[in-house]
Amino acid sequence: MREEIKSLSQRLSKAQKKTDGLEKELDQLKKALLEKTSALDRAERELQRSKRQTLDVYALCLKKNKKRGNSIKKAEVLQQKLAELQSENFLLRQQLGDAQNKAAQERMRTEAQLQGELADAVRKQHTAETALQDSTHQCSRLKEENSRLQEDLDKAKAKVYKGCQHVNVSEAVLRHGRAVMLQEE
């Protein structure tokens with residue numbers, strides 16, 4: 001039972017290590033999400049700044065059509081980059097949610113399994129203790145019976161000894177009686 005409990009303890013430790021690994025993975029995903037969110041915020045600020053610049057440049061571009069085209073292209077590139085970052089941010093949020101759900105399900109499954117195994121171990125221990133108590137009771141009863149039989153044996157030996165003494169005395173009386181009869185004849 002101790003080995004089984006030790007085995008359960010080791011399995012619990014392994015499950016906790018696995019949970020810790022999942023939590024580390026979760027932390028890494030959170031960190032990546034924070035980094036991407038920060039990059040997204042920077043891109044949004046850059047986009048806002050670019051939009052302001054574009055408006056400023058647009059006023060100047062009425063005079064200089066070449067610069068206007070470049071600013072618009074830059075704004076389009078930034079818009080595209082922002083869309084990509086938003087899409088990546090969304091995917092990271094989904095991955096984070098999936099990882100959190102997976103970790104929670106794994107933790108609940110492991111805990112339920114270990115609780116079941118612990119309950120089985122406790123039942124087995126109770127059964128073993130009950131069997132040990134029954135064996136101890138039976139052993140005590142057999143010792144008492146053995147003591148009683150020993151007393152009966154001692155009494156029987158004493159009776160046999162007395163009987164032997166009585167037979168010896170009777171034989172001696174008979175011999176003496178025969179000897180007396182032989183002398184009288």
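Taking the range 75-110, which residues are over 18 Å from ALA39 (Cβ atoms) and surrounded by fewer than 15 Cβ atoms within 10 Å (Cβ to Cβ)?
GLU76, GLY97, ASP98, ASN101, LYS102, ALA104, GLN105, GLU106, MET108, ARG109
Which of the residues belonging to the range 1-50 are within 30 Å of ALA121 (Cα to Cα) and touching a residue at least 60 places away in the same chain (Cβ under 8 Å)?
MET1, GLU4, ILE5, LEU8, ARG11, LEU12, ALA15, LYS18, THR19, LEU22, GLU23
Within the range 3-60, count every residue that is open to solvent by 50 Å² or more (accessible area, probe 1.4 Å), more than 17 Å from ALA104 (Cα to Cα) and of a type in the set (A, V, I, L, M).
5
Yes or no: the range 146-158 includes at least one residue that is open to solvent by 70 Å² or more (accessible area, probe 1.4 Å), of a type in the set (A, V, I, L, M, F, W, C) and more than 30 Å from ASP41 (Cβ to Cβ).
Taking every residue of the range 146-158 in turn, at least one turns out to be open to solvent by 70 Å² or more (accessible area, probe 1.4 Å), of a type in the set (A, V, I, L, M, F, W, C) and more than 30 Å from ASP41 (Cβ to Cβ).
Inspect the range 57-76 for any residue being under 30 Å from GLU23 (Cβ atoms) and without any contact (Cβ under 8 Å) to a residue 40 or more places away in the chain and give the result as yes or no.
No, every residue in the range 57-76 fails to be under 30 Å from GLU23 (Cβ atoms) and without any contact (Cβ under 8 Å) to a residue 40 or more places away in the chain.
The values are calculated or read from the model by the stated rules, or taken from the named source; none is laboratory data. What you see is a predicted model, and the numbers here were worked out from it, not measured in a lab. With ideal geometry, Cβ positions are generated from the backbone for all residues, glycine too; neighbour counts draw on all protein chains shown. Just the protein is used for accessible areas: all its heavy atoms, side chains included, with ligands, DNA and RNA removed. Shrake-Rupley method; radii C 1.70, N 1.55, O 1.52, S 1.80 Å.
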